[in-house]
Amino acid sequence: MVESSDVRTVVGGRLLTLTNLDKVLYPQVGYTKAEVIHYYLQVAPVLLPHVSDRPMTRLRFPDGVGDGAFSFYEKNAPQGCPDWVRTQPVRVSDGIVDYVVADESATIVWLANLAALEMHVPQWRISTATADADGAITLPEELPRPGEPLADLVVVDLDPGDGVTMIETARAALLVAHELAADGLVPCVKTSGSKGLQVYAAIQPSRSAEVSGYVQTVGRTLVRRHPDLFVVTMAIAARAGRVFVDFSQNHAAKNTIAAYSLRGRATPSVATPVTWDEIGGVSGPDDLRFSPQAVLDRIAEHGDLMAELLEPDRPPLPQRE
């Protein structure tokens, strides 16, 4: 049933009903659901190429963000999912997940209306896989599996430990970029929308296990060369004062915050592509924080700063000893 306060609109030829538009989802700054939807509609043209053909995990905040606010990760397509929304079943260790695949603006707006503030995707594309007889894609284990999905991205997720600011994390990103470039890759970088940075590079489709192994090797090299800055140990206690190189984000079962996604933090921040000049120019711990409007302004001025990841001509995954 459509309430009197609901709004019906058409996005990309799809009829959508938007609800509770005046609900405040970021109470610290009064940022409403209508503003969230407006941002996602405006950013969709540059967001979609980075998430289309990838299964999407959403982090939903039905009542908004804040201390003690209820939120949940959602992988399966929710009840009432429109029949025009693309879904893809993926067989995982404990069953089949029916993921939403966002390949049109209407899907992004529909998800925003569900207060799916955060949108996360893996490094592999659905089109690289061969579905099983039941239509599901089966995720690989360590050993190769015929028809498994292949990664076309490398991501080096830099997670700062206690006492580490954006100044040190930016230095870490520059050192990561040097390693990737030395291996023939073209690195791009974005903020996580929180404390960290993520360095990406496009590659020819490769097994996720091999990509994860490559990033782990890069991380070990960085630890050996810069032991005061990097750590590859999972233990939280070992990360204090250092930047954790999280290679696990390349595992087929993992996903990473999408470029241009909002984050469910106290204020509406965005996982924002940035230039290497901006990384090199970091001078304070509060640098590289961007609001939704700032991101839209940046797109208008610079276009998609991660467009390099969408180029069809990709180098092979480097081999490191």
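The values are calculated or read from the model by the stated rules, or taken from the named source; none is laboratory data. All values reported here derive from a predicted model rather than from experimental measurement. We place every Cβ from the backbone using ideal geometry, glycine too, and count neighbours over all the protein chains shown. For accessibility, only protein heavy atoms count, side chains too; no ligands or nucleic acids. Shrake-Rupley method; radii C 1.70, N 1.55, O 1.52, S 1.80 Å.
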note = SASA check, HIS226, accessible area w/ 1.4 Å probe, all protein chains in place, rounded to nearest 10 Å², comes out at 40
key: Paramagnetic reach from GLU142 in the stretch 219-250 [backbone N under 12 Å; point 7 Å along Cα→Cβ]   = none
request  = Just reorder GLU118, GLU142, GLU210 by solvent-accessible area, largest first, 1.4 Å probe, all chains present.
outcome  = GLU142, GLU210, GLU118
remark   = Under the rule rounded for a/c under 1.5, else prolate if a/b exceeds b/c, else oblate, using alpha carbon gyration tensor axes a ≥ b ≥ c, the stretch 113-246 is classed as prolate
inquiry  = Leaving out ligands, DNA and RNA, and with a 1.4 Å probe, what % of the accessible surface on the stretch 1-147 is carbon or sulfur?
reply    = 50
ask   = In debye, nearest 20: dipole of the chain around its Cα centre with unit charges on the Cβ of K, R (+) and D, E (-)?
value = 320
request  = Restrict the search to the stretch 25-108; then list the chymotrypsin sites (Phe, Trp or Tyr not before Pro) that DSSP places in a loop and that have at most 13 other Cβ atoms within 10 Å of their Cβ.
outcome  = PHE70, TRP84
inquiry  = Let me make sure I get this right: for the stretch 33-92, a, b and c are the square roots of the gyration tensor eigenvalues over alpha carbons, sorted descending. Under 1.5 in a/c it's rounded, otherwise prolate if a/b > b/c, else oblate. Which is it?
reply    = oblate
message = How big is the chain along each principal axis, measuring the range of its Cα positions in Å and listing the largest first?
response = 63, 52, 37
query = What FRET efficiency do you get for ARG224 and ILE167 if R0 is 25 Å and r is their Cβ-Cβ distance, rounded to the nearest 0.05?
reply = 0.65
request  = Could you do me a favour and compute the accessible area per residue for the chain, 1.4 Å probe, result in Å²?
outcome  = 44
message = In whole percent, and with a 1.4 Å probe on the protein chains, what portion of the accessible area of the stretch 190-321 is carbon and sulfur?
response = 50
query = Put +1 on the Cβ of each Lys and Arg and -1 on the Cβ of each Asp and Glu in the stretch 1-83; which of ILE37, GLY66, GLY12 then has its Cα farthest toward the positive end of the dipole?
reply = GLY12
remark   = So, with points 7 Å from each Cα along the Cβ direction, the ILE96-MET234 label distance in nm works out to 3.0
ask   = What GluC sites (Glu not before Pro) in the stretch 1-93 are in a loop by DSSP, with at most 14 other Cβ atoms within 10 Å of the Cβ?
value = GLU3
ask   = Based on the Cβ-Cβ distance from GLN28 to ASP286, what FRET efficiency comes out when R0 is 25 Å, to the nearest 0.05?
value = 0.95
